[in-house]
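Have a look at the structure below, then the notes.
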Amino acid sequence: MIFETERLLIRKLIFSDLNQFHLLESNPNVLRYAAGNVKSLKENEIELKKLIDSYKKSNNDFWIYAIERKIDARFIGTVALVKHYNDDEIGYRFLEKYWGNGYGFEICKGLISYCKTIGIKKIVAFAVDENIASVKILKRLQFIPIEKLINEKHQQETKYQLFL
């Protein structure tokens, strides 16, 4: 386990996550405001293996973890802590059937605490302006908008930062 929140466990991805990982990464609604495109099962298998292998690298700066519900040990999404140039960027994705349960706020709040414990002083997050739910979460957690951008999907996006 990497860290936990009231209802969630954050752990390393494992190969048995493949089916749920594929459901996440092949859903166009999940990826609507996120980087990347819908992938085939084979592409997701390759991606999952790459992410699992990255845990062994000493110079890894791209951490993607599984989010699991405590109540039933179900994989419900992924959370990211990655280097974006000189910044530490956070992000998350949930399977669509788990949207609207407050997990986004809970995982972000947990990530903030986790980042503090490992000595990170500032984190950034990107949210497509149309993604009202994510924008509300970032504002509620006191993230400050610092830059307007157009992302790879040609969407208006804002970069937010939070000093810890």
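Working from the pairwise distances between different alpha carbons, so that the mean of 1/r is found and then inverted, what is the chain's Kirkwood radius in Å? Can you show the working numbers first?
Numbers: mean 1/r = 0.0617 Å⁻¹.
After inverting the pairwise mean of 1/r, the radius is 16.2 Å.
Equivalent ellipsoid semi-axes for segment 85-164, as square roots of 5 times the alpha carbon gyration tensor eigenvalues: give them largest first, rounded to whole Å. Please report the intermediate quantities before stating the final value.
Working: eigenvalues 74, 63, 23 Å².
Three semi-axes, in Å: 19, 18, 11.
Neighbour counts of other C-beta atoms within 10 Å: give me His22, His154 arranged from fewest to most.
On the way: His22 19, His154 7.
Neighbour counts put them in this order, fewest first: His154, His22.
Taking amide H positions as placed 1.01 Å from N in the peptide plane, with prolines and chain starts having none, which residues 5 or more places from His84, or on another chain, fall under 5 Å of its amide H?
Placed amide hydrogens put Glu89 under 5 Å from His84.
So what J values fall out for segment 120-125 if you push phi through Karplus, 6.51 cos²θ - 1.76 cosθ + 1.60 with θ = phi - 60°, rounded to Hz, Gly and Pro as x?
6, 9, 8, 10, 10, 8
Between Asn27 and Arg69, what is 0.36 nm times their sequence separation minus the Cα-Cα distance? Round to one decimal in nm.
So the chain would gain 13.1 nm between Asn27 and Arg69.
If you average the sequence gap of Cα pairs under 8 Å that are 6 or more apart and divide by the length of segment 3-120, what percent do you get for the contact order?
Relative contact order, segment 3-120: 27 percent.
Need the C-alpha centroid separation for segment 57-101 versus segment 1-46, integer Å.
8 Å
A short reminder: the numbers here are calculations on the coordinates, not readings from a lab. Just so you know, these numbers come straight off a predicted model, no measurement behind them. Backbone-built Cβ (ideal geometry, glycine too); neighbour counts: all protein chains shown.
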